[in-house]
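Chemist: Once you've had a glance at the structure underneath, I'll fire off some questions.
Computed from the coordinates by the stated procedures, all read-outs in this text should not be read as laboratory data. The model shown is predicted, which means the values in this text are computed figures rather than measured ones. Glycine also receives a Cβ, built like all others from the backbone with ideal geometry; neighbour counts cover every protein chain displayed.
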Amino acid sequence: MYWLDLLYIAIALGLAAILSWYFWWRPLRRLSRLLAQLASGESPKSCFIDSPSWFRKMERDLETLSNRIRQSGQVLAEEKFNLHAIMTSMVEGVLVVDERHIIRLVNDELVKLFDLKQNPVHRTILETLREADVELIVRDTLQTGQPVVREVTLLTLNREKKALQVELSAMPIHNEHGRVNGAVVVFHDVSQVKQLEGVRREFVANVSHELRTPLSIFRGYLETLIDNPELPPSEVARIHDTMRRHSDRLNALVEDLLLLTRMESKKLPIQPVTMKLDTFVAQVLRDYKSKLENEQAEVTADVAPTLPPLVADPLRLGQVLFNLLDNAIVYSKPPKKITITAECVGKEMILRVRDNGIGIPPGDLPRIFERFYRVDKARSREKGGTGLGLSIVKHIAQLHGGSVTAESEFGHWTQITVRLPLN
């Protein structure tokens, strides 16, 4: 009997263990697998259909939690994608900092703007950009909680090796309690705008200066004629001749300005034709013969008739040659000798005009194709030049798909080279 009781007890304990494993330990193991799946970002695959009711309720709660996590992940991924799209599409540099001035986010334009070699995230502004002005602007924004907009010149150089000028806009970031815990800083590169403003101011100043001289002469001579009606005819004729010359110069200045404006705005029509360059140069020199004789200038043209035909606008190419010959005459010293040569290299026609003049100082050479730039201002004005001739030459060459360069030995010679595509 004693052994029989022990057997019953053993059987009862075994059944209790089986039931305990079925109703407790098996669901707990499934729950552990379910939580592991949730932790790894997977959707739960376990099922508690044959589990106790309180385990089934836990399953439903976990499924709800899993769906919410998945939805939140999808929303987060979409927001991250949208933020990345916005940041990469912006032409301005952008960085986001926290309240400790630690960089949390930057876009590609900022990396290009400052030519950053290392990842700037998790580093301070000063450590990354080394710009005290940026640091001060961010500090003002974080301390005041107000936007700050300021133009600054940075120590960083742009692609042209000039100081980078930017408009900085710093906007504070507030948390749900209204406390400032960061800032967004936008870098708008205004270097080119400032450069264009400088060019505009210089252009206005140059035009004003060019107009002031003949207008002052007009006014002076008109007052002379009004105040002295009994002037000798020879003196009146001299005054009329002077006023006519300055009137012609004013008219030439206006015409050249209008021509330049049309070329720069791409509104000047080009009407190319096929031409023989030797014949064309000979015709230009015939048209220019009287001025060459008056200036006692000798021109030698070495343009072979065997050169291939050139497709160009004869009117505009004529303006190129006239302007180059004018310049060569003005800046040459007696006896004035000018040579015109041409050769074909590959698919380019290369036209050179060389003089034996005063030459151009090396410091002035890069600027001679700018509007109103003169190496010898007194000599150019004395000869009636507008200061726009070489700028017109450059633009006509570019309209034909070509280019123009200058070489010079100061005190001895200058050579202007025009390269034009054959077609």
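Chemist: Collect residues whose amide H, placed 1.01 Å from N in the peptide plane, falls under 5 Å from the amide H of K333; neighbours closer than 5 in sequence don't count.
Modeler: N356, G357, I358
Chemist: Based only on Cα atoms, what mean projected area does the convex hull of segment 195-264 have, in nm²? Walk me through the numbers before you get to the answer.
Modeler: Numbers: hull surface 21.6 nm².
Hull-based average projected area comes out at 5.4 nm².
Chemist: Compute the label zone of I270 within segment 408-423: residues whose backbone N is under 20 Å from the point 7 Å along Cα-to-Cβ.
Modeler: Residues passing the 20 Å test: 417-423.
Chemist: According to a simple spin-label model (label point 7 Å from Cα along Cα-to-Cβ), what is the distance in nm between T153 and Q192?
Modeler: 2.1 nm
Chemist: What's the Kirkwood radius of segment 122-184 in Å, using all Cα pairs?
Modeler: Working: mean 1/r = 0.0786 Å⁻¹.
Over segment 122-184, the inverse of the mean reciprocal pair distance is 12.7 Å.
Chemist: I've got another one for you. Roughly how many whole Å is it from the C-alpha centroid of segment 383-423 to that of segment 300-349?
Modeler: When both Cα centres are located, 10 Å separates them.
Chemist: If you don't mind, there's one more thing I want to ask. Taking 29 Å as the cut-off for C-alpha to C-alpha distance, list the pairs among K80/K162; K289/K333; K162/K267; K289/K347; K112/K347; K289/K394 that go past it.
Modeler: Distance filter (> 29 Å) returns K80/K162; K162/K267; K289/K347; K112/K347.
Chemist: Over segment 273-421, what portion of Cα pair distances is larger than 27 Å, expressed as a whole percent? The partial results should precede the final answer.
Modeler: Numbers: 1865 of 11026 pairs.
Considering segment 273-421, 17 percent of its Cα-Cα pairs are separated by more than 27 Å.
Chemist: While we're here: Once phi is turned into θ = phi - 60°, what whole-Hz ³J(HN,Hα) does the Karplus curve with 6.51, -1.76 and 1.60 give for every residue of segment 335-346, x standing for Gly and Pro?
Modeler: Coupling constants for segment 335-346: x, 6, 10, 10, 10, 10, 10, 8, 8, 10, 10, x Hz.
Chemist: May I ask you to sort E230, E131, E235 by Cβ crowding, counting other Cβ atoms within 10 Å and putting the fewest first?
Modeler: E230, E235, E131
Chemist: Can you put H240, H400, H246 in order, fewest other beta carbons within 10 Å first?
Modeler: H240, H246, H400
Chemist: Another question about this same structure. For segment 236-323, what class follows from the C-alpha gyration tensor (a ≥ b ≥ c being the square roots of its eigenvalues): rounded when a/c is under 1.5, otherwise prolate if a/b is larger than b/c, else oblate? The partial results should precede the final answer.
Modeler: Details: a/c = 3.96, a/b = 1.36, b/c = 2.90.
Judged from the Cα gyration tensor, segment 236-323 comes out oblate (a/c at least 1.5, b/c at or above a/b).
Chemist: For C344 and N423 in one chain, what is 0.36 nm times their gap in residues minus the Cα-Cα distance, to one decimal in nm? Each step should come with its number before you reach the end.
Modeler: Working: separation 79, 0.36 × 79 = 28.44 nm, distance 1.23 nm.
That works out to 27.2 nm of additional length.
Chemist: Another question, then. Give the shape of segment 285-360 as rounded, prolate or oblate, defined through the alpha-carbon gyration tensor: a ≥ b ≥ c are the square roots of its eigenvalues, a/c under 1.5 means rounded, and otherwise the shape is prolate if a/b is larger than b/c and oblate if not. Before the final figure, lay out each step's value.
Modeler: Numbers: a/c = 2.06, a/b = 1.70, b/c = 1.21.
Because a/c hits 1.5 or more and a/b exceeds b/c, segment 285-360 counts as prolate.
Chemist: Neighbouring Cβ atoms within 10 Å as the yardstick, rank D140, D108 fewest first. Could the numbers behind the result be given before it?
Modeler: Numbers: D140 17, D108 12.
Listed from fewest to most nearby Cβ atoms, that is D108, D140.
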